[in-house]
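Student: Here it is, the structure, as structure tokens.
The values are calculated or read from the model by the stated rules, or taken from the named source; none is laboratory data. The structure presented is a predicted model; accordingly, all values stated were derived computationally and were not measured. For neighbour counting, all protein chains shown are included, and Cβ atoms are generated from backbone atoms with ideal geometry for every residue, glycine included.
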DNA sequence: GCGCTCACG
DNA sequence: ACGTACGTGAGCGCG
């Protein structure tokens with residue numbers, strides 16, 4: 001029997017839209033719904049072996065149901081713009097694939113599906129209807145199967161319904177399903193139903209009386225009385241609803257099975273669409289590059305014989321392009337994976353004559369060839385003596401530069417995004433096992449994972465290089481990001497010494513005070529409760545104590561510091577709560593928190609991540625050493641526990657207002673540049689110029705306001721944000737901004753040009769070519785679009801500053817090593833570098849820091865730095 | 001796992 | 001009318 005697959009277009013598109021995370025191609029087109037639709041389509045076609053295929057869509061025009069009932073809405077709920085724009089796109093894609101699109105004025109897609117399904121069933125076809133709408137179950141028949149995709153725990157399963165399945169799940173036949181719907185109504189379709197009859201009552205009534213007509217025949221006996229009364233009063237509604245709910249199966253639709261005959265979906269036109277929409281994995285199905293299913297399987301060969309291994313390594317050395325991954329973690333090497341041909345990879349597990357140091361040594365040698373691509377170079381550096389001068393290409397970092405907005409850059413991500421291959425991830429293959437355990441217990445999966453890693457590094461290398469070059473990021477990649485990998489590894493490896501006893505003592509002091517404050521707060525509120533629970537705290541303050549503060553968050557009252565701070569003068573307990581918050585924060589995150597990271601060498605080895613931020617900054621984790629307290633005196637004390645090793649001191653150098661200087665340079669604003677050339681205090685001179693007053697007459701308040709405006713400019717100014725920050729009206733904030741832009745007109749035109757560029761190109765760039773896509777600018781949502789505008793203004797500034805300090809870091813680290821100094825770069829905090837400096841090298845290091853930070857970039861204003869020394873981090877700031 | 005809060009630049 | 005300043009990471013409470 002030949003098979004016909006019919007798809008409910010809007011319904012599946014809608015499901016896909018909400019089920020697939022936001023996607024945009026580089027033109028800024030939203031594509032997630034189309035992507036999800038195609039995936040469902042291909043999945044069903046793979047499973048069904050369909051012979052015919054057609055997709056039905058609703059039209060905008062009113063349908064016969066509107067003629068019956070004015071308030072009828074049909075299945076078209078208001079559609080978000082992001083989805084709406086994908087409807088015509090979806091139709092174009094289907095047309096390009098040769099799939100007929102069925103529409104009929106005056107009818108909904110349901111009616112088209114119903115009509116054709118019943119008609120073709122009669123003609124002897126096996127019909128499958130794919131929809132996300134349960135209402136379609138009424139069409140289920142001997143040879144009509146309804147498929148509803150259902151998502152549970154992240155995975156989508158398709159449930160199939162023949163009539164017996166409908167009965168099993170809903171106790172009623174497909175025909176009776178209509179009657180149930182008529183009784184209970186449907187909010188989304190605006191089918192009125194009978195008031196006060198819900199799904200349960202409706203189902204039991206239909207089970208008992210089969211249909212509406214029969215219910216009314218036996219109305220006297222109907223129970224419960226509530227239902228009886230409602231049915232009595234609303235007979236007209238019930239009968240109208242029955243007509244509205246019934247899908248039409250004899251609509252005047254012309255349809256020829258010949259048009260729906262499935263021949264070849266994979267047309268060149270459709271392929272062009274897949275490329276344009278950047279659906280790599282779908283494009284790959286169309287025949288280019290590596291195929292998901294139909295292509296040749298990769299061979300992952302386990303090599304355990306020493307001489308075979310050695311021969312392969314020698315062969316690899318002669319290749320001009322190889323991919324590798326050293327599978328090493330927790331201080332030990334498990335295997336090396338190597339790939340230098342399209343057919344697959346070789347995996348060399350540690351064991352026998354192939355010792356850890358042999359494997360690591362071979363990895364090192366192959367890295368030194370200068371034509372190796374790896375997935376994560378920094379991870380392998382503890383096992384390989386590589387440094388500046390060894391050019392090893394890192395695929396993760398390359399993928400990050402090409403799209404810094406992603407969460408992960410694993411081999412599976414790169415295989416998907418660059419190669420159009422869908423491959424199982426590490427978690428899919430070895431769950432949460434370590435490499436060591438996986439290699440021992442799940443050798444097949446481990447081998448496959450390792451093989452995929454090396455193959456991905458190998459195959460993605462060239463396309464990644466080409467894309468970086470095409471997007472103007474070759475220099476950024478080669479001269480900044482790749483060398484930085486070594487710098488960051490050195491910092492991680494070096495770590496920073498922390499005095500555990502002092503940290504514990506500091507924590508003890510905090511804990512004592514916390515206990516006191518807790519007691520006082522409980523007494524003052526007359527209740528023992530968890531002060532750290534915003535929920536409990538909000539209820540006590542704003543309900544029990546009747547403090548007026550109003551709701552602010554989705555979940556309840558806001559108890560954030562800025563809210564409480566306003567209330568503190570009137571309620572003594574609020575001050576205590578703020579103090580309590582400060583103490584507990586310091587205790588849990590810093591005193592106790594940092595303590596757990598001190599290693600046996602007495603040092604904390606934080607990780608510096610290179611592929612996290614959207615702007616190009618680095619981030620620090622486990623623990624985060626970029627947010628150690630400094631603004632409040634009590635918190636600042638904690639810096640005293642960070643100390644240099646014996647015979648060393650700390651030198652701390654930070655850029656003075658690097659972001660504003662970057663702004664002055666990039667905008668080319670003459671007055672701002674001039675301001676930097678003449679004045680020491682940029683915020684004061686801003687106040688002087690903006691408010692037209694002599695510099696020496698600027699009041700502290702005026703300076704503070706000017707400083708806030710300067711910050712605002714860098715953040716992508718908004719009157720609202722500035723007004724919040726300064727606690728002034730939006731009108732006043734607006735005036736400040738206007739005055740600022742009058743004073744520095746080129747800053748205004750520069751920021752405008754950034755937004756315009758972002759709107760046209762979909763991204764902004766830093767001075768060094770780093771890109772940040774800004775998809776939010778395409779949003780129909782005002783808030784999101786405004787966010788996009790601020791991002792377009794901020795990212796080039798923040799990103800350029802990040803580029804500059806990265807250059808400085810590399811040069812400082814490289815010079816310390818090349819000049820055989822013992823001093824080491826140990827931390828970076830966005831505009832600040834901390835060096836553990838040998839006492840006798842102090843002057844040299846000061847000179848190096850000063851020179852390299854100053855000359856990291858050549859701007860129209862000088863890059864000035866402030867430097868301090870000390871015997872701990874507290875003193876060195 | 002997510003929202004809130006708060007530490008930093 | 002909408003409801004925000006930009007970029008991060010960690011700990012806690014809660015469902």
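Student: Residues in segment A:739-757: is at least one within 16 Å of DNA strand B (Cβ to nearest atom), surrounded by fewer than 15 Cβ atoms within 10 Å (Cβ to Cβ) and not assigned by TED's automatic domain parsing to the domain that holds residue A:403? Break it down stepwise before answering.
Tutor: First, pick out the residues of segment A:739-757 that are within 16 Å of DNA strand B (Cβ to nearest atom): none.
No, every residue in segment A:739-757 fails to be within 16 Å of DNA strand B (Cβ to nearest atom), surrounded by fewer than 15 Cβ atoms within 10 Å (Cβ to Cβ) and not assigned by TED's automatic domain parsing to the domain that holds residue A:403.
Student: Of all residues in segment A:499-517, which are assigned to a helix (DSSP H, G or I) and closer than 22 Å to residue A:607 by Cβ? Steps first, answer last, please.
Tutor: Quick first cut of segment A:499-517, residues assigned to a helix (DSSP H, G or I) only: A:500-517.
If the condition is that a residue be assigned to a helix (DSSP H, G or I) and closer than 22 Å to residue A:607 by Cβ, then A:500, A:503 are the ones that fit.
Student: A further question on this structure: Would you mention how many residues in segment A:758-769 are part of a helix (DSSP H, G or I) and crowded, with 17+ Cβ neighbours inside 10 Å?
Tutor: Residues of segment A:758-769 that are part of a helix (DSSP H, G or I), as a first pass: A:758-761.
Going one step further and asking which of them are crowded, with 17+ Cβ neighbours inside 10 Å, we end up with A:758.
The qualifying residues number 1.
Student: I'd like to know if segment A:197-210 contains one or more residues that are out of contact with any strand residue (DSSP E or B) (no Cβ under 7 Å at 6 or more places or on another chain), surrounded by fewer than 19 Cβ atoms within 10 Å (Cβ to Cβ) and within 27 Å of residue A:106 (Cβ to Cβ). If you could, list the steps in order and put the result at the bottom.
Tutor: Applying the first criterion (out of contact with any strand residue (DSSP E or B) (no Cβ under 7 Å at 6 or more places or on another chain)) to segment A:197-210 yields A:197-210.
So of that shortlist, the ones also surrounded by fewer than 19 Cβ atoms within 10 Å (Cβ to Cβ) come out as A:198-200, A:204, A:207-208, A:210.
Add one more test, that the residue is within 27 Å of residue A:106 (Cβ to Cβ), and what stays is none.
No, that holds for no residue.
Student: Right, something else. Any residue that is surrounded by fewer than 14 Cβ atoms within 10 Å (Cβ to Cβ), at pLDDT 80 or above and out of contact with any strand residue (DSSP E or B) (no Cβ under 6 Å at 6 or more places or on another chain) - is there at least one of those in segment A:272-291?
Tutor: Start the filter on segment A:272-291 by keeping residues that are surrounded by fewer than 14 Cβ atoms within 10 Å (Cβ to Cβ), which leaves A:272, A:287-288.
Then drop every residue that is not at pLDDT 80 or above, which leaves none.
Checked against the condition, which is being surrounded by fewer than 14 Cβ atoms within 10 Å (Cβ to Cβ), at pLDDT 80 or above and out of contact with any strand residue (DSSP E or B) (no Cβ under 6 Å at 6 or more places or on another chain), segment A:272-291 yields no hits at all.
Student: How about segment A:91-125: which of its residues are out of contact with any strand residue (DSSP E or B) (no Cβ under 6 Å at 6 or more places or on another chain) and outside any helix (DSSP H, G or I)?
Tutor: A:97, A:98, A:103, A:104, A:105, A:106, A:107, A:108, A:123, A:124, listed by residue number.
Student: Out of curiosity, is residue A:541 crowded, with 19+ Cβ neighbours inside 10 Å, more than 10 Å from DNA strand C (Cβ to nearest atom) and over 30 Å from residue A:771 (Cβ atoms)?
Tutor: Working: crowded, with 19+ Cβ neighbours inside 10 Å: yes; more than 10 Å from DNA strand C (Cβ to nearest atom): yes; over 30 Å from residue A:771 (Cβ atoms): yes.
Spelling it out, residue A:541 is indeed crowded, with 19+ Cβ neighbours inside 10 Å, more than 10 Å from DNA strand C (Cβ to nearest atom) and over 30 Å from residue A:771 (Cβ atoms).
Student: Looking at (1) crowded, with 20+ Cβ neighbours inside 10 Å; (2) within 30 Å of residue A:377 (Cβ to Cβ); (3) more than 9 Å from DNA strand B (Cβ to nearest atom), find the lone condition where residue A:645 falls short.
Tutor: (1)
To keep it simple, each residue is scored yes or no on (1) within 12 Å of DNA strand C (Cβ to nearest atom); (2) modelled with pLDDT of 90 or more; (3) more than 23 Å from residue A:627 (Cα to Cα).
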residue: A:514; (1), (2), (3): yes, yes, no
residue: A:526; (1), (2), (3): no, yes, yes
residue: A:567; (1), (2), (3): no, no, yes
residue: A:597; (1), (2), (3): yes, yes, no
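Student: Can you confirm whether segment A:518-535 contains a residue that is closer than 26 Å to residue A:632 by Cα, within 10 Å of DNA strand B (Cβ to nearest atom), in a helix (DSSP H, G or I) and touching a helix residue (DSSP H, G or I) at 6+ places or on another chain (Cβ under 9 Å)?
Tutor: No, segment A:518-535 has no match at all.
Student: Considering A:717, A:713, which residue is outside any helix (DSSP H, G or I) and near DNA strand C (Cβ under 10 Å from one of its atoms)?
Tutor: On the way: A:713 fails: outside any helix (DSSP H, G or I).
The conditions single out A:717.
Student: Here is a further query. Does segment A:711-720 contain any residue that is within 16 Å of DNA strand B (Cβ to nearest atom), over 25 Å from residue A:863 (Cβ atoms) and modelled with pLDDT under 90? Write out each step before concluding.
Tutor: Taking segment A:711-720 and keeping what is within 16 Å of DNA strand B (Cβ to nearest atom), we get A:711-718.
Then keep just the ones that are over 25 Å from residue A:863 (Cβ atoms); that gives A:718.
In the following step, the residues that additionally are modelled with pLDDT under 90 were identified as A:718.
Checked against the condition, which is being within 16 Å of DNA strand B (Cβ to nearest atom), over 25 Å from residue A:863 (Cβ atoms) and modelled with pLDDT under 90, segment A:711-720 yields at least one hit.
Student: Would you check which residues across segment A:553-584 are surrounded by 14 or more Cβ atoms within 10 Å (Cβ to Cβ), near DNA strand B (Cβ under 10 Å from one of its atoms) and either in a loop (DSSP other than H, G, I, E, B) or without any contact (Cβ under 8 Å) to a residue 12 or more places away in the chain (or both) and list them?
Tutor: Hits for segment A:553-584 are A:556, A:558, A:559.
Student: For segment A:621-636, enumerate the residues that are free of Cβ contacts under 8 Å to residues at least 60 places away in the same chain and in contact with a strand residue (DSSP E or B) (Cβ under 9 Å, 6 or more places away or on another chain). Give the steps one after another, and end with the answer.
Tutor: Going residue by residue through segment A:621-636, those that are free of Cβ contacts under 8 Å to residues at least 60 places away in the same chain are A:621-624, A:627, A:629, A:631-635.
Correct list: A:621, A:622, A:623, A:627.
Student: If the requirement is being without any contact (Cβ under 8 Å) to a residue 40 or more places away in the chain and within 12 Å of DNA strand C (Cβ to nearest atom), which of these qualifies: A:587, A:609? Don't jump to the end; show me each part of the working.
Tutor: On the way: A:587 fails: without any contact (Cβ under 8 Å) to a residue 40 or more places away in the chain.
The conditions single out A:609.
Residues checked against (1) free of Cβ contacts under 8 Å to residues at least 12 places away in the same chain; (2) in a helix (DSSP H, G or I):
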{"site": "A:433", "(1), (2)": "yes, no"}
{"site": "A:445", "(1), (2)": "no, yes"}
{"site": "A:449", "(1), (2)": "no, yes"}
{"site": "A:453", "(1), (2)": "no, yes"}
{"site": "A:461", "(1), (2)": "no, yes"}
{"site": "A:481", "(1), (2)": "no, yes"}
{"site": "A:489", "(1), (2)": "no, yes"}
{"site": "A:493", "(1), (2)": "no, yes"}
{"site": "A:497", "(1), (2)": "no, no"}
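Student: Need the failing condition index for residue A:405 against (1) farther than 20 Å from residue A:620 by Cα; (2) modelled with pLDDT under 95, just the number.
Tutor: Every condition holds for residue A:405 apart from (1).
Student: I'm trying to understand the selection: among the residues of segment A:63-80, which are modelled with pLDDT of 80 or more and either crowded, with 17+ Cβ neighbours inside 10 Å or assigned to a loop (DSSP other than H, G, I, E, B) (or both)?
Tutor: Within segment A:63-80, A:63, A:65 meet the criteria.
Student: Considering only residues that are surrounded by fewer than 17 Cβ atoms within 10 Å (Cβ to Cβ) and modelled with pLDDT of 80 or more, which ones fall in segment A:142-166? Can you show your working first?
Tutor: Filtering segment A:142-166 for residues surrounded by fewer than 17 Cβ atoms within 10 Å (Cβ to Cβ) gives A:142, A:150-160, A:162, A:164-165.
Passing the criteria: A:142, A:160, A:162, A:164, A:165.
Student: Do we have residue A:645 as more than 12 Å from DNA strand C (Cβ to nearest atom), in a loop (DSSP other than H, G, I, E, B), at pLDDT 95 or above and not assigned by TED's automatic domain parsing to the domain that holds residue A:841 here?
Tutor: On the way: more than 12 Å from DNA strand C (Cβ to nearest atom): yes; in a loop (DSSP other than H, G, I, E, B): yes; at pLDDT 95 or above: yes; not assigned by TED's automatic domain parsing to the domain that holds residue A:841: yes.
Yes; evaluated as a whole, the condition is true for this residue.
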